[in-house]
Amino acid sequence: MTTTLKNSEDTSYYLSQFNELTQKFMGQLKSQNVAKLNTKQPDVIFSDEGRSKEQATQILSEKIIPYLSASAGPRYWGFVTGGANPAALFADWMVSTFDQNVSKDGDSISSAVERQTLDWLKDLFYLPEVFNGVITTGATAANFLGAVVARQFSGNQQGIDIAQVGMQGLSVELFSACPHASMIKGLGLAGFGQQQITRVDTLENSEQMDVEHLSVLLTNSKAKSKIVIASSATVTATSFDDLEAISVLCQQHQAWLHVDAAFGLFERVVTGKEGKTKGIELADSITLDFHKWLNVPYDAGAFFTRHTSLLVQCCEVDAPYLTNNDTQPDFLALGIENSRRFRALPVWFTLLKYGRKGIKEWVKRNIDMASELASWIELQPQFELSVACQLNVVVFRPESKHLSGEQAQAFTTSFLEEVNKEGKIFLSPGLWQGQKVMRAALSNWQTSKEDIELAKASLKSCYKMLVTE
Ligand SMILES: Cc1ncc(COP(=O)(O)O)c(C=O)c1O
């Protein structure tokens, strides 16, 4: 065995393996169990000598690939998961080949491509020119940036440059109704504290913010600065906050408005500016995710703000080797990382290849398929639709009127386990008004009527299995 690096020979070997393994993996996406449960660390040892390329590839094929989920396939409906559309998949492979560092301008076209991607995204989502931003690793990173820039804004209101001197003495209050877990994490990371959110009431049977309650809370707040975190849409009920009304309140109270629109902004591609996201153009900052409904491979999202200079205040550092002579801020001054993957390329290539119409087509199909599944569930005596389906998420549980509260919760958990074990579909758990529920979130570009029929059969057979056991 030799471990000598033989560049061209190794590259052509890996390219042929890559072709073979990719075809095989993708060919099995629809037929294999969607989730591989109870996986363990591969029993492979690290060695001094390494392996030959053939041995290494064989280990990968035998010990890793069979235990991967079909999350890129059409029936992985856990969390909010997109797949990898073919154009994005190709572009993502090329990103590794190109191996660019999209940190600064001056050595390649890659920063210009990221800027163009952001421009095209504003076009796709009908967002005004004033927004500027950065491609992130996903919505979590974008929400964190939202917290950091809102913090800088609050500091500026009180004469404190937080990026430079820290946040001691800052007087601030945060308001939100149903922030996503990643937003809460972001607030913790930004030093606000995960528990320091003033909870705004929601409207009945919804996760939508009660704007009247927000108004009262803002008026009564003693804090010198205020930050409002709204959603478009929430992860369970897919509720959209009334951003027009909220932005009016934010202006009255000089509050920052951040909107987590990780997947909900795609609704705008279907219904336009007057749909459920109406008013988002008035936000101070917006979170977006692309490994969800844009169906690019993990990981990519975006953070947009209309206050670029505040973002730069937060992210720019002074180091001679990073000196910037450009007229526009470099991406290292607009985000978390200094060295950055060319993750804009799969987004850019998806927009280039499919255009508005192509993207709208799969978003609309997912909405229609979710609605079809929800209508079917409503008609089945074995199941109970927990929330009216408004977008792409179906929230339900097995019927359990005959069971006590605790038994009903346990029944939902067992049913979810059974469905995921059977492997035709993969769902994730949720909580709705104190009840355990199951969520089917449809955001894969390939999901079709055939998949919905398979899901119906799976739900019925798993229910039968459980009640006859
Ligand atoms: C509304 C919302 N915000 C943020 C996130 C976090 O996204 P990610 O885990 O991709 O960073 C999610 C993920 O489901 C989400 O639905």
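Rule-based calculations on the coordinates, nothing more; no lab input. Keep in mind that this is a model prediction, so the values were computed, not measured. Counting neighbours? That spans all protein chains shown, and the Cβs are built from the backbone with ideal geometry, glycine included.
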Item to complete: Mind giving me the nanometre distance, one decimal, between the label points for Gln380 and Glu204, set 7 Å out from Cα along Cα→Cβ?
Response: 3.0 nm
Discussion item. 7 Å from Cα along Cα→Cβ at both Gln433 and Lys53: what's the point-to-point distance in nm?
Written reply: 6.1 nm
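Test of understanding: what is the full-extension gain from Asp299 to Asn338, defined as 0.36 nm times their sequence separation minus their Cα-Cα distance?
12.3 nm
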Discussion item. Quick check on packing: order 189-200, 12-23 by the mean number of other C-beta atoms within 10 Å, highest mean leading.
Written reply: 189-200, 12-23
Discussion item. Whole percent per 20 Å bin, from 0 to the bin with the longest distance: what is P(r) over all C-alpha pairs of the chain?
Written reply: 22, 51, 25, 1
Response to the item:
In whole percent, the Cα-Cα distances of the stretch 101-341 spread across 5 Å bins from 0 upward as 1, 7, 14, 19, 20, 17, 12, 7, 3, 1, 0, 0
Worksheet entry | Of Lys276/Lys357; Lys122/Lys276; Lys226/Lys278; Lys104/Lys357; Lys364/Lys456; Lys30/Lys276, those spanning more than 27 Å from alpha-carbon to alpha-carbon | Lys104/Lys357; Lys30/Lys276
Practice prompt. Determine which aspartates and glutamates satisfy two conditions relative to Lys224: a Cα distance under 17 Å, and not lying fewer than 8 residues away in the same chain.
Written response: Asp161, Glu173
Worksheet item: Which far-off residues, 5 or more places away or on another chain, put their amide H under 5 Å from the one on Glu384, with H placed in the peptide plane?
Response: Arg397, Glu399
Worksheet item: So what J values fall out for the stretch 421-432 if you push phi through Karplus, 6.51 cos²θ - 1.76 cosθ + 1.60 with θ = phi - 60°, rounded to Hz, Gly and Pro as x?
Response: 5, 4, x, 6, 9, 10, 10, 10, x, x, 10, 10
Worksheet item: Dipole magnitude of the chain about its Cα centre, charges +1 at Lys/Arg Cβ and -1 at Asp/Glu Cβ only, in debye to the nearest 20?
Response: 660 debye
Worksheet item: Sorting Asp43, Asp299 on the 10 Å Cβ count, fewest up front, what's the list?
Response: Asp43, Asp299
Worksheet item: Can you list the HN-Hα couplings for the stretch 10-24, worked out from phi with the Karplus curve (6.51, -1.76, 1.60; θ = phi - 60°), rounded to whole Hz and with x for Gly and Pro?
Response: 5, 4, 5, 4, 5, 4, 5, 5, 4, 4, 5, 5, 5, 4, 5
Fill in: Unit charges on C-beta of K, R, D, E only; dipole of the stretch 129-239, Debye
400 debye
Worksheet item: To one decimal place, what orientation-averaged projected area in nm² is obtained for the convex hull of the Cα set of the stretch 216-298?
Response: 6.2 nm²
Discussion item. Below 8 Å between Cα atoms, with a sequence gap of 6+, how large is the relative contact order for the chain in percent?
Written reply: 21 percent
Item to complete: Please find the FRET efficiency linking Leu15 to Thr327, where r is the Cβ-Cβ separation and R0 is fixed at 41 Å, and quote it to the nearest 0.05.
Response: 0.55
Fill in: Per-residue HN-Hα couplings for the stretch 194-207 [Karplus 6.51, -1.76, 1.60; θ = phi - 60°; Hz; x = Gly/Pro]
4, 9, 9, 9, 7, 7, 8, 4, 10, 6, 4, 6, 7, 9
Item to complete: Please give the peptides 177-183, 287-293, 434-440 ranked by average Cβ packing (other Cβ atoms within 10 Å per residue), highest first, as a rough proxy for protection.
Response: 287-293, 177-183, 434-440
Practice prompt. Positive end of the charge dipole of the stretch 101-341 (Lys, Arg +1 and Asp, Glu -1 on Cβ, about the Cα centre): tell me which of Asn338, Gln194, Gly301 has its Cα farthest that way.
Written response: Gln194
Worksheet entry | Residues whose placed amide H lies under 5 Å from that of Phe342, excluding near-sequence neighbours | Gln100, Val102
Worksheet, complete the sentence: Sorted on mean Cβ neighbours within 10 Å (highest first), peptides 248-260, 118-130 come out as 248-260, 118-130
Worksheet, complete the sentence: Quick calc: nm separation of the 7 Å Cα→Cβ label points for Glu450 and Gln168 -> 6.5 nm
Worksheet item: Can you give me the relative contact order of the stretch 101-341 as a percent, contacts being Cα pairs under 8 Å and 6 or more apart?
Response: 26 percent
